[in-house]
Amino acid sequence: NADAAMYRAKELGKNNCQFYAHEMNATLEQKLALMDGLRRAVDDQQLRLVYQPKVDLQSGHVFGVEALVRWEHPERGQIRPDQFIPLAEESGSIVAIGEWVLREACRQARAWQDAGHAPLVVSVNVSPRQFDDRRLVARVADALRDARLDACWLELEVTESLIMRDVGQAVDKMRELEAMGIALSIDDFGTGYSSLAALKSFPISRLKIDKSFVRDLAHSADDQAIARAIISLSHQLQMRVIAEGVETEQQRDFLAQYGCDEMQGYLFSKPVPPGEIPTLLERAVAPA
Ligand code: C2E
Ligand code: MG
Ligand code: MG
Ligand code: MG
């Protein structure tokens, strides 16, 4: 009986191993195929940018937009960045993709200005490998020059973990960008590990409250406390503060009541193709 049980356990173990190996191969294969596809995505013009408005909570006006990349995969349709940015980061394709995003966002910002719209700050997400690129500052300067866009209309979003890896190096690079006139913000604030002492040495103009703290804001006393703490920290450090993922009026009202400066989220608009931005500029919301 004991032998039989042992035999069954072994069989089960073997099957489990086979099962996992099979699963792993499927995802590994998928991953490699996506990585391979990503190498050509820029040249084959499969990337698109959508833009999500950022709204000033006092005036109700759109003052900026965040550029968010989408991949129109020839077989798999539209793929969200969460599913391919980490792969591009791993394979190194992120440098070319990031460069394309930066140049396209600057070009679009300039095109809106040329069309006579009130100028918007356009925000671009920067991932770790892209930030580490020795030529980042030069690439940003080139993108601005080629688009004939003044640096004051560009903002870069970085994450806490990115800048906390090597504080000295990050401070130097960010000071260079700041000296050019570019604004820097910290994305997903509160989800990483920030040294508060280091935070004040960075030339940051804005903290973004992560949407995980906004989601249950109406019901969760913890999330309310966290949001208030981030708002007050931002203001103490002379930064502005924006909440991402604002979906309801209740969330917006809480944030406005706590003194949050700006918001971004489905309540005002989802990320949209560039052609839809001009209409959204007209649609100022009633101040909270
Ligand atoms: P993120 O920069 O924190 O962007 C916010 C994400 O939240 C976006 O997802 C946006 O579509 C989504 N979002 C906005 N409003 C709401 C809302 O009200 N509710 C909910 N549930 N979600 C909302 P998306 O576009 O899928 O991008 C995901 C992440 O991928 C971004 O997070 C960013 O980290 C990264 N990413 C996107 N575009 C780029 C890029 O061009 N370069 C790099 N390096 N990363 C990018
Ligand atoms: Mg962002
Ligand atoms: Mg974010
Ligand atoms: Mg995020």
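Brief remarks follow.
- Here each label is just a point 7 Å from Cα along the line to Cβ, and for SER205 and ASP150 those points are 1.1 nm apart.
- Share, in percent, of DSSP beta bridges within the chain that are antiparallel, nearest 5: 40
- Nearest-ten-degree value, helix 94-114 long axis tilted from longest Cα axis of the chain: 30
- Gyration tensor analysis over the Cα atoms of the chain returns equivalent ellipsoid semi-axes of 37, 26, 21 Å (largest first, whole Å).
- Annotation: amide H of GLY64 within the under-5 Å range of LYS54, VAL121, sequence separation 5 or more or interchain, hydrogens built in the peptide plane.
- Between helix 136-147 and the chain: long-axis angle, C-alpha atoms, 0 to 90°, nearest 10: 50
- Options ALA141, ALA198, MET239, ranked by Cα towards positive dipole end of the chain, top entry (Cβ charges): ALA141
- Cα-based Rg / Dmax (Å) for the stretch 192-239: 11.6, 35
- Lysine pair count for the chain with Cα-Cα distance under 22 Å and sequence separation of 8 or more or different chains is 8.
- The stretch 219-225 - phi-based ³J(HN,Hα) in whole Hz, Karplus 6.51/-1.76/1.60, Gly and Pro as x: 10, 9, 5, 4, 5, 4, 5
- Acute angle (nearest 10 degrees) that the helix 167-180 long axis makes with the longest principal axis of the chain, alpha-carbon atoms: 40
Laboratory data are not the source of any read-out in this text; all were calculated from the coordinates shown. What you see is a predicted model, and the numbers here were worked out from it, not measured in a lab. Virtual Cβ from ideal backbone geometry, glycine too; neighbours counted across all protein chains shown.
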